[in-house]
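Notes for the one structure printed next.
Derivation of every value follows stated rules applied to the coordinates shown; laboratory data play no part. The model shown is predicted, which means the values in this text are computed figures rather than measured ones. Virtual Cβ from ideal backbone geometry, glycine too; neighbours counted across all protein chains shown.
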Amino acid sequence: MLEGIHFLLTYNCNFECEHCFLNCSPKSEGTFTFSQIKKVLDEAPKIKSIKWIYFEGGEPFLYYPLMLEGIKLAKDKGFKVGVVTNFYWAKSIEDAEIWLKALADLGINDFSISDDYFHYEEKVEYFSKIAKIAAKNLNIPINSIKIENPKKQFLLNNNQEKGKPIIGGNIMFRGRAIDNLIKDLPKKKWDTLKECPYEDLEGLGRIHLDCFGNTQICQGLSIGNFLEHNLSELIKNYSPKDHPICGPLIRGGPLQLIKDFNLEHENKYVDECHLCFLARKALIDLYPQYLGPRHIYGLE
Ligand code: SF4
């Protein structure tokens with residue numbers, strides 16, 4: 001059941017992290033206008049199952065006034081609201097409280113920070129502590145999104161039940177992570193990658209929207225364009241098994257994409273997402289309406 005709409009408020013980010021599955025950087029373009037936000041939030045109440053609206057990026061605090069107006073509108077419409085940030089602005093507790101005061105006044109329900117080594121290296125504990133103390137002082141509920149070093153993760157995974165992600169520590173090999181982080185990692189045979197382990201491709205669960213209209217169920221995988229069709233209609237009419245990419249993924253995972261489209265492939269991949277992402281990249285010109293934006297795939 002679709003419960004959350006996540007605004008990718010902007011693809012622009014002050015960081016260029018090695019693991020970013022949206023391929024964001026200071027050069028990335030694509031930011032919502034307020035009229036686009038209003039269009040989405042006018043549609044959201046028509047989708048009765050929606051409970052949460054999130055603002056994330058890229059880095060949403062780079063467009064602070066726009067983010068605040070979006071939060072205000074979402075709260076006015078009765079939704080719970082969350083924000084995801086890399087907290088680059090948390091230079092001191094006093095400064096962080098200035099940035100967070102307006103969010104506290106708006107009654108934000110979840111405040112998630114990306115406090116991992118990839119964003120801050122060894123300084124992560126210092127800066128995340130500042131953000132956490134400031135949020136606590138203002139009674140803002142705070143969560144951590146921790147991404148483990150992938151080599152450590154694979155060691156941990158060997159001790160986990162097969163296929164189960166480590167909560168809070170799992171990296172997914174999509175976007176820039178494929179270019180930067182797969183060297184020397186263990187790999188699995190391509191014909192064992194038979195299911196999508198993470199996304200609810202049928203029930204959706206949550207969708208991520210960008211300013212180009214892409215309605216994404218996984219990074220770079222869209223069910224249609226919410227600027228061309230009303231979002232509520234798009235959701236109502238979504239037929240997972242008839243979707244040219246989701247259909248095969250539901251039937252047999254990334255392996256099925258390779259088989260259905262007779263795609264060239266390597267013998268081994270790090271995980272399901274690694275194969276899925278490269279298969280989708282090979283299909284981008286065939287299905288531009290469902291695969292994009294191109295920069296997520298590292299294409300111009
Ligand atoms: S990249 Fe593919 S396999 Fe991985 S979560 Fe997304 S849709 Fe599923």
Task: Mean projection area, nm², convex hull over Cα of the chain - done: 15.1 nm²
Open item on the list: Give me a comma-separated list of calculated 3J(HN,Hα) values for the range 100-108, in order, Karplus coefficients 6.51, -1.76, 1.60 applied at θ = phi - 60°, integers in Hz, x for any Gly or Pro.
Closed with: 8, 4, 5, 5, 5, 4, 7, x, 4
- [ ] Please arrange MET1, MET67, MET172 by counting, for each residue, the other beta carbons lying within 10 Å of its beta carbon, fewest first.
- [x] MET1, MET172, MET67
Task: For PHE87, residues with placed amide H under 5 Å, excluding near neighbours - done: SER114
Task: Percent RCO, i.e. relative contact order, over the range 198-300, from Cα pairs under 8 Å lying at least 6 residues apart - done: 25 percent
TODO: Calculate the spin-label point distance for ASN267 paired with LYS38, positioning each point 7 Å from the Cα along the beta-carbon direction, and give it in nanometres.
DONE: 5.9 nm
Task: Size of charge dipole - the range 31-100 - debye, nearest 20, with Cβ of Lys, Arg +1 and Asp, Glu -1, no other charges - done: 500 debye
TODO: Quote to one decimal, in nm, the extra length available between ARG206 and ASN14 on full extension: 0.36 nm per residue of separation minus the C-alpha distance between them.
DONE: 66.6 nm
TODO: Within the set of other residues whose C-beta is less than 14 Å from the C-beta of LEU263, count the net charge using Lys and Arg as +1 and Asp and Glu as -1.
DONE: -2
TODO: Go ahead and estimate [θ] at 222 nm for the chain from helices alone: -39,500 (n - 2.57) per DSSP H run with n ≥ 4, summed, over the residue count, rounded to 500.
DONE: -10000 deg cm²/dmol
Task: For the chain, share of DSSP beta bridges that run antiparallel, in % to the nearest 5 - done: 30 percent
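Sorting ARG176, ARG294 on the 10 Å Cβ count, fewest up front, what's the list?
Fewest to most other Cβ atoms nearby, the residues stand as ARG294, ARG176.
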Task: Beta bridges per DSSP with both ends in the range 1-121, % antiparallel, nearest 5 - done: 5 percent
TODO: DSSP loop (so not H, G, I, E, B), at most 11 other Cβ within 10 Å: list which trypsin sites (Lys or Arg not before Pro) in the range 201-259 pass both filters.
DONE: none
Task: Estimated dipole of the chain in Debye, rounded to 20 [Cβ of Lys and Arg +1, of Asp and Glu -1, Cα centre] - done: 560 debye
- [ ] Give, as a single signed number, the net charge of other residues whose beta carbon lies under 14 Å from the beta carbon of GLN36, with Lys and Arg counted +1 and Asp and Glu -1.
- [x] -3
Task: Stretchable slack from LEU227 to LEU299, in nm (0.36 nm times residue separation minus alpha-carbon distance) - done: 23.7 nm
Task: Backbone HN-Hα couplings from phi across the range 185-192 [Karplus 6.51/-1.76/1.60, Hz, Gly and Pro as x] - done: 7, x, 10, 10, 5, 4, 7, 9
Open item on the list: If you average the alpha carbon positions of the range 1-72 and of the range 179-202, how far apart do those two centres end up, in angstrom?
Closed with: 27 Å
Task: Nearest-0.05 FRET efficiency for ASP179 and ILE133, computed from C-beta distance (R0 41 Å) - done: 0.70
Open item on the list: Whole-Hz ³J(HN,Hα) for each residue in the range 53-69, computed from phi via Karplus 6.51 cos²θ - 1.76 cosθ + 1.60 with θ = phi - 60°, x for glycine and proline: what do you get?
Closed with: 10, 10, 10, 8, x, x, 10, x, 5, 5, 10, 4, x, 5, 4, 4, 5
Task: Cα-based convex hull, the range 4-52, per residue volume (Å³, whole number) - done: 86 Å³
Task: Net charge of neighbours whose Cβ lies under 12 Å from the Cβ of CYS13, counting Lys and Arg as +1 and Asp and Glu as -1 - done: -2
Task: Cα-projected label distance for TYR198 with TYR126, points at 7 Å along beta-carbon direction, nm - done: 3.0 nm
